[in-house]
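First up is the structure itself, then whatever we jot down about it.
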Amino acid sequence: MSQSKLTRRDREHLISIFLLKGHEEPVGPSKLANKMNVSRAGALKKMRRLEKYGVGEYIPGEGLTVNGEGVAIIEDEILNHHAVENFFQKSLGMDFEDACKEAEILGSKMSKKMIDQINIYYGKKKEARCGLDLEPPFEPEDIEECPWCKRLFD
Ligand SMILES: [Zn+2]
């Protein structure tokens, strides 16, 4: 599947577009550029790339809308992050801040098998310290307070 070629940076941009409500209406490149602190040209290039990988549609003059496939990837990213964060806290006794930061670095590199294993082991005992209810669908407002999502825009 082509979407597996999305880089971590691509996924971060995808989540940002979602936070700007790109699952409901097109988000223009200037808006994304502002939020991600990149150039407008860079944001546009990223949007074209996301479209090429089938996670949204780009309408010239309007912007990118995230499609169902894109939303599914975003949900996966959010769930995976919090699964890995939980794992670091519960198995290694890391505090929340460190677990969140390590999960950000390692989460996207872990295999699906590893994440499935964490979910089997900690499934029912999982909770997000940011207060997110780990049951999709998510709305942009739900994840706005998550420190990991906030850091995307640092
Ligand atoms: Zn969180």
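So residue 67 ticks every box in (1) in contact with a helix residue (DSSP H, G or I) (Cβ under 8 Å, 6 or more places away or on another chain); (2) modelled with pLDDT of 95 or more but one. Which box is left unticked?
Checking residue 67 against (1) in contact with a helix residue (DSSP H, G or I) (Cβ under 8 Å, 6 or more places away or on another chain); (2) modelled with pLDDT of 95 or more, the one that fails is (1).
Here are some residues: 72, 43. Which one is within 13 Å of the chain's Cα centre (by Cα), modelled with pLDDT of 95 or more and of a type in the set (A, V, I, L, M, F, W, C)? Steps first, answer last, please.
Details: 43 fails: within 13 Å of the chain's Cα centre (by Cα).
It is 72.
Can you pull out the residues in the stretch 66-86 that are touching a strand residue (DSSP E or B) at 6+ places or on another chain (Cβ under 6 Å) and surrounded by fewer than 21 Cβ atoms within 10 Å (Cβ to Cβ)?
Of the residues in the stretch 66-86, the ones touching a strand residue (DSSP E or B) at 6+ places or on another chain (Cβ under 6 Å) are 66-67, 70.
The answer is 67, and nothing else.
Does the stretch 112-154 hold any residues that are among the aliphatic types (A, V, I, L, M), crowded, with 16+ Cβ neighbours inside 10 Å and within 14 Å of the ligand (Cβ to nearest atom), and which are they?
Selection gives 128, 132, 143, 152.
Restricting attention to the stretch 75-111, and to residues there that are away from the ligand (no atom under 12 Å from the Cβ) and of a type in the set (A, V, I, L, M, F, W, C), which single residue is farthest from the chain's Cα centre (by Cα)?
Within the stretch 75-111, the match that is farthest from the chain's Cα centre (by Cα) is 92.
Name the residues in the stretch 122-147 that are assigned to a helix (DSSP H, G or I) and without any contact (Cβ under 8 Å) to a residue 12 or more places away in the chain, would you?
Narrowing the stretch 122-147 to residues assigned to a helix (DSSP H, G or I): 122-125, 140-143, 147.
Answer for the stretch 122-147, where residues must be assigned to a helix (DSSP H, G or I) and without any contact (Cβ under 8 Å) to a residue 12 or more places away in the chain: 123, 124, 141, 142.
The values are calculated or read from the model by the stated rules, or taken from the named source; none is laboratory data. Every value quoted in this text rests on a predicted model; they were computed, and no experiment measured them. As a convention, Cβ positions derive from the backbone with ideal geometry for all residues, glycine included, and neighbour counts pool all protein chains shown.
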